[in-house]
Amino acid sequence: MKALPIGKIDPEILERLLLRYTRKDERVVIGAGIGEDAAVIDMGPILLVAKTDPITHAASEIGRYAVYINANDIAAMGGTPKWYLATILMPNGSSAEDISLIFSQLSRTCEEIGVVYCGGHTEVTTSVNHPVVVGQML
């Protein structure tokens, strides 16, 4: 089996995976697809725009990047970023201060752009070698 290169998955491979494993739903106006920045879901009187994106290689400003990358993709779909959740994965040996720095970056950046940082998940794991923040913006 050939190993995939580091980075985004080849669009042809991704397209096959999306066709095979994602489902259609009448309320999903825009769903999973190559080049789609976010999903758009019909909630009745409003449309919900939802986005998730990881930050894997930013060191000093990972929290800031995590918010802005997700907010930008919501805006690119015509939505207004409102609510943000983050999964923070920290490497073994991380301190409470390391995690606090990321929380403060997330909170400050959300405040700057008028978004509510409203939840997520945080853990220290041997599965990562450096901090990873996976954001979800609604």
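The values are calculated or read from the model by the stated rules, or taken from the named source; none is laboratory data. Please read all numbers here as calculations on a predicted model, not as lab measurements. Because the Cβ atoms are built from the backbone with ideal geometry, glycine has one as well, and the counts that use them run over all protein chains shown. Note: accessible area is taken over every heavy atom of the protein model, side chains too, but ligands, DNA and RNA are not part of it. Shrake-Rupley method; radii C 1.70, N 1.55, O 1.52, S 1.80 Å.
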Listed by first then second residue, the pairs whose first member lies in region 1-28 and is among the acidic types (Asp, Glu), whose partner is in a loop (DSSP other than H, G, I, E, B), with beta carbons under 8 Å and at least 6 positions apart or on separate chains, are Asp10/Leu4; Glu15/Ile34; Asp25/Gly31
Given the conditions (1) open to solvent by less than 20 Å² (accessible area, probe 1.4 Å); (2) within 30 Å of Glu26 (Cα to Cα), every one holds for Ile62 apart from (2)
Which of the residues spanning region 99-131 are part of a helix (DSSP H, G or I) and open to solvent by less than 50 Å² (accessible area, probe 1.4 Å)?
Ile99, Ile102, Ser104, Gln105, Leu106, Ser107, Thr109, Cys110
Taking the residues in region 65-88 that are over 8 Å from Val133 (Cβ atoms) and in a strand (DSSP E or B) as candidates, determine which candidate is least open to solvent (accessible area, probe 1.4 Å).
Tyr84
